[in-house]
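The block underneath contains the structure these notes are about, expressed in C-alpha cells.
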Amino acid sequence: MKNKRSLILSHSIFTADPQQEKVDGYLLMEGQRLLDVKPGTPSEEVLKSVDEMLDFRNKTVCPGLIDPHTHLIFGGSRENELALKLAGASYMEIHKEGGIKSTVRKTREASLDELRHKALKSLESMLLHGTTTVEAKSGYGLDKETELRSLRLIRELPQLQALDLIPTYLGAHDVPPEFDSAEQYADFIIEEMLPLVKKEDLAQFVDIFCEKGIFELETSRRIAEAAKAEGFKLKIHADEIAPLGGAGLAADLHATSAEHLMSISDQDIHKMAASGTVAVLLPATSYFLMVKDFAPARKMLEAGVHVALASDFNPGSSPCENLQMAMFMACYEMKLTPEEILRAVTREAARAISREDEIGQLKKGFLADITVFDAPSPAYLLYHFGINSVCDVFKSGEHVVRNGCISTAAVASLLASRRGAEQ
Ligand code: NIG
Ligand code: FE
C-alpha cells in the first residue's frame with residue numbers, strides 16, 4: 001500500500017535545522033518520514049500530490065519534543081517530603097533517612113504490573129505535553145533483580161504506547177543497604193551488573209550519580225571507565241550540589257552528556273565545550289528543590305557548550321512529566337530565549353541521547369515526529385506560561401494527539417508498524 005502523504009501549513013515552523021531554523025510555509029511528510037520543509041505557499045502540483053492537508057497556520061510546529069533525562073521507573077511517591085522541605089530540610093538531609101532509599105524500598109516491593117501501569121500513565125502524560133522520545137533510567141532497584149526488571153520494562157514499553165524510549169542503566173544512583181560502602185557496591189556494578197546488562201542489550205547508556213557522599217569522583221571514574229570498556233555510552237549526574245568536578249570527568253571520558261551542573265566550574269565548562277559533551281540542564285529540579293541556583297546556561301552557551309533541557313521526571317526532585325515546565329523555568333530563571341529553549345528540547349536533546357541523525361529537526365529524511373503548539377510563535381509559547389499549549393502530536397508520521405486528545409486508532413497503527421518492523 002502507498003504511504004500516506006500529508007501536508008502541514010504553518011506561519012511558524014521551528015525546524016531546529018541550522019540551515020533554515022524558522023520557516024513560514026509548509027511541511028510534507030510521507031509514511032514515517034519528512035519529505036520536505038519549504039517557505040511560501042505550496043503549488044497546485046504539491047497540493048494534488050497529498051492525501052491530507054492540515055491547517056496549523058496560526059500554530060507553532062516543532063520537532064517532537066525530546067526529554068533526554070527521566071527516572072521513569074519507580075514505585076510509590078514522596079509527597080511526605082514536602083512538609084520537610086517547607087520546614088527547611090535540604091535534599092541531602094532528607095536523603096540520609098528517606099529520599100532515594102524510600103523509593104528503592106517501594107520499587108522493590110512493587111509488582112511488575114504496578115510498575116508498568118505507573119510508567120504507562122506517565123508516558124501518556126508526557127505525550128499529551130508534546131514529548132515524543134524519552135530517555136528512561138533504571139536506578140530505584142539497585143539489586144540485580146529489580147534493576148533488570150526495570151530495564152526489561154523500559155524495553156517493553158514501546159510495544160504498548162507511542163513514545164520511543166532510550167534506556168539507561170543507573171545502578172550507581174545510591175548505595176543500597178546490602179553493601180557497606182560505595183566502593184563495594186561499585187565492584188558489584190562493574191563485575192556483575194555491567195556484563196549482565198550488556199549481555200541482554202538492556203541499556204545504551206550508563207549513568208552515575210557523582211555527588212559528595214554518594215559516588216565520589218574516583219569511584220564514579222572507576223564505574224564510568226568500566227562501563228565504557230563494556231561498550232556503553234556515558235551520562236553523568238554531575239556537580240548538582242557539591243562542586244566535585246563530575247562535569248570535567250564527563251568531558252575527559254567523552255561522555256555523551258553531563259546533567260544538572262548547578263555547581264560546575266568555569267574550567268569544566270570549557271572542557272565540556274571542547275569534548276562536545278552535552279549539558280543537560282534540569283531547571284524544574286532547582287525549582288522543586290527550592291534552591292536558588294540554576295545551572296549557568298548562558299555562560300555555557302557563550303563557551304560553545306551544547307545545551308539541552310530535560311524534565312528529570314522522578315519522585316524526589318522533579319515529579320513532573322511536563323517538559324514545558326522545564327522550558328518555562330529555563331526562560332524565567334535561566335534567561336534563555338524561546339529559540340534557545342526550543343533548540344534545547346529538540347536538536348540538542350537528540351544529541352544528548354545520540355539520536356541527532358534521525359530526530360530533533362524538521363528536515364528531509366528525519367522521522368516525522370512533530371509537536372504542534374497552540375501558539376502563533378515561539379515567543380508566545382513561552383509568554384503564555386503555566387498551561388499545556390500542545391494541541392497536536394505526530395509520532396513517526398502517525399497523528400497520535402489530535403486537538404489535545406490521544407487518538408487510540410493512530411497509536412494502534414503506530415504499534416502495528418513497530419511490530420511489523422521487528423519481524
Ligand atoms: O536527578 N540526583 C539524583 N537523582 C535524581 C533524584 C532522585 C530522587 O530523589 O529520587 C535527580 O534529581
Ligand atoms: Fe536525574
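The values are calculated or read from the model by the stated rules, or taken from the named source; none is laboratory data. Owing to the predicted nature of the structure, the values given are computational and were not obtained by experimental measurement. Note that each Cβ is placed from the backbone with ideal geometry, even for glycine, and that neighbours are counted across all protein chains shown. Keep in mind that these areas ignore ligands, DNA and RNA; they rest on the heavy atoms of the full protein, side chains included. Shrake-Rupley method; radii C 1.70, N 1.55, O 1.52, S 1.80 Å.
What the Cβ-Cβ distance of Lys48 and Asp180 gives, at R0 = 60 Å and to the nearest 0.05, is a FRET efficiency of 0.25.
In square nanometres, what is one fourth of the surface area of the convex hull spanned by the alpha carbons of the range 191-318?
7.7 nm²
Once you mark the trypsin sites (Lys or Arg not before Pro) that are in a DSSP loop and have at most 10 other Cβ atoms within 10 Å, what is the longest gap between them in the chain? After excluding every exposed loop site, the longest remaining stretch is 3-291. Just the protein heavy atoms count here, and of the accessible area of the range 1-151 at 1.4 Å, carbon and sulfur take up 51 percent.
With only alpha-carbon atoms in the gyration tensor, what are the semi-axes of the equivalent ellipsoid for the range 1-119, in Å, largest first?
48, 19, 11
Between amide H atoms placed 1.01 Å from N, distances below 5 Å from Gly171 occur with Asp207, all of them 5 or more places distant or on a separate chain.
Each helix, a run of at least 4 DSSP H residues, gives -39500 (n - 2.57); summed and divided by the residues of the chain, these come to -10500 deg cm²/dmol at 222 nm. Distant-in-sequence amide contacts of Cys210, defined by a placed amide H-H separation under 5 Å and a gap of 5 or more residues or a different chain, comprise His237.
What part of the accessible area of the range 217-316, given as a whole %, is carbon or sulfur when the probe is 1.4 angstrom? Carbon plus sulfur share of accessible area: 54 percent. Solvent-accessible surface of the chain, averaged per residue with a 1.4 angstrom probe and all protein chains in place: 40 square angstrom.
Assuming 0.692 mPa s and 37 °C, estimate D for the chain with Stokes-Einstein, Rh taken as the Kirkwood radius over Cα pairs, in µm²/s. The calculation lands on 151 µm²/s.
Let's test the formula: R0 of 35 Å, r as the Cβ-Cβ distance of Asp187 and Glu124. What FRET efficiency results, to the nearest 0.05? Taking R0 as 35 Å, the efficiency between Asp187 and Glu124 is 0.35. Taking only the alpha carbons of the range 290-423, we obtain Rg and Dmax values of 16.4, 51 Å in that order. Mean sequence separation of contacting Cα pairs (under 8 Å, at least six apart), scaled by the length of the chain, corresponds to a relative contact order of 19 percent. Each principal axis of the Cα atoms in the range 263-365 has its own extent, and those three values, largest first, are 41, 32, 23 angstrom. Phi-derived couplings, Karplus 6.51 cos²θ - 1.76 cosθ + 1.60 at θ = phi - 60°, listed residue by residue for the range 5-20: 10, 10, 10, 10, 9, 7, 7, 9, 9, 9, 7, 6, 8, x, 5, 7 Hz, with x used for Gly and Pro.
Whole-Hz Karplus values for the range 134-148 come out as 9, 7, 10, 9, 7, x, 10, x, 6, 8, 4, 4, 6, 5, 5 Hz, taken residue by residue from phi with 6.51 cos²θ - 1.76 cosθ + 1.60 and θ = phi - 60°; glycine and proline positions read x.
The angle between the Cα long axis of helix 100-109 and the longest principal axis of the Cα atoms of the chain comes to about 80 degrees, rounded to the nearest 10. What the phi angles of the range 162-178 give under the Karplus curve with 6.51, -1.76 and 1.60, with θ = phi - 60°, is a coupling list of 7, 6, 7, 10, 10, x, 10, 8, 10, x, 7, 9, 6, 8, x, x, 6 Hz, glycine and proline written as x. Near Arg33, the amide H atoms lying under 5 Å from its own belong to Ala368; only residues 5 or more places off or on other chains count, and H is placed 1.01 Å from N.
Computing FRET efficiency as 1/(1 + (r/R0)^6) for Gln267 and Glu145, where r is the C-beta to C-beta distance and R0 is 35 Å, gives about 0.25.
Can you give me the angle between helix 408-422 and the longest principal axis of the chain, using Cα atoms only, in degrees from 0 to 90, rounded to the nearest 10? The helix 408-422 is inclined about 70 degrees to the chain. Just how many % of Cα pairs in the range 1-40 lie over 17 Å apart, if you round to the nearest whole percent? Here the tail beyond 17 Å accounts for 29 percent of pairs. Computed from the C-alpha gyration tensor, the three semi-axes of the ellipsoid equivalent to the range 345-398 are 23, 14, 9 Å, from longest to shortest.
Computed about the Cα centre, the dipole magnitude for the chain is approximately 900 debye when only Lys and Arg (+1) and Asp and Glu (-1) carry charge, each at its Cβ. Axis angle, to the nearest 10 degrees, between helix 217-229 and the longest C-alpha principal axis of the chain: 50 degrees.
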